[in-house]
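> Quick one: the structure is below, and I'll ask about it shortly.
Where a number appears in this text, it was derived from the coordinates with a stated rule and is not lab data. Predicted model only: the values in this text are computed from it and were never measured. Positions of Cβ are backbone-derived with ideal geometry, glycine not excepted, and every protein chain shown enters the neighbour counts.
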């Protein structure tokens, strides 16, 4: 059995990403929603001509205000890729970009807007320089599109492969994205509609991995005592007639210690599945969560909110402490964090390019 798209179709897809990261004494949770209009225009023997339009990209929830600022900037840069007309092979790899000129023109428009802020935000110069190089090089644009959440979720594993499929020794980063790991992947079909995925490290992780993957936490945790468990699992539901993806649920987890882990869940749904989800459970972004974001301080906030290493924090003190920890984390990852509250809308160029 080979999973492949068999005929043209149009579908609206929704992706909800839930992430939970504990980096010793910094905890960040986020929920993001993205929506696309996806059209398969033409199906050939070895390729698909497709059109992809980003309809919505919104941060639904987070416990860290810095994430909101980074999300806003990321959305500005995602504008260059919100309309894509490409040809891909049956595995989802991009072979040709038909609207390359449109993408490059959008960058020129965005660059003009960024240049207006250079005087107040020096980091923008670096952003412009790196992205000028990216958008003048078709191969780099192709790689950036390939890293789009739609392609990594829809096509990364199951399409174009003869099932059951097993591959060993695939080199990919860990889920903290801090060190490469060799992975074994297994893809099996329950029937013509349901496909299961499992991916785990090929070997017992070495001391070299631990030292590289968690070196940024070495001052706060004993790396020699860590024992990391990593795994990715996925369940894909395929429509037999057309080969289109109806739903995918993917879980990624890396846990090195009780206070050092990252967990990410992806729920990718066709419009029909998305409507079912809305009927069966309340929306993630409720009036309650909005009220929390807009609330005024209360007497309870002066009470103990968290206790770390014997030190007690009120809610306000904890938010200040966590923001400082985020700044430390951001600096170690070359993410620029401005001290000027009126000019803090732009992270570093490396962050924008990597994402």
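> Restricting things to alpha carbons, tell me how big the stretch 1-153 is in terms of Rg and Dmax, in Å.
Cα only, the stretch 1-153: 17.7, 58 Å (Rg, Dmax).
> Tell me, what is the percent relative contact order of the stretch 50-150, built from C-alpha pairs under 8 Å that lie six or more residues apart?
21 percent.
> For each of 209, 227, count neighbouring Cβ atoms within 10 Å of the residue's Cβ, then give the residues from fewest to most.
227, 209
> Another one. Which shape class, rounded, prolate or oblate, goes with the stretch 40-121 when its Cα gyration tensor gives a ≥ b ≥ c as root eigenvalues, a/c under 1.5 marks rounded, and past that a/b bigger than b/c marks prolate?
Verdict is oblate for the stretch 40-121.
> How would the stretch 149-205 be classified by its alpha-carbon gyration tensor: rounded, prolate or oblate, with rounded meaning a/c under 1.5 and the a/b versus b/c comparison settling the rest?
oblate
> If you don't mind, there's one more thing I want to ask. Can you give me the Cα centroid spacing of the stretch 131-197 and the stretch 20-64 in angstrom?
Measuring centre to centre over Cα atoms gives 14 Å.
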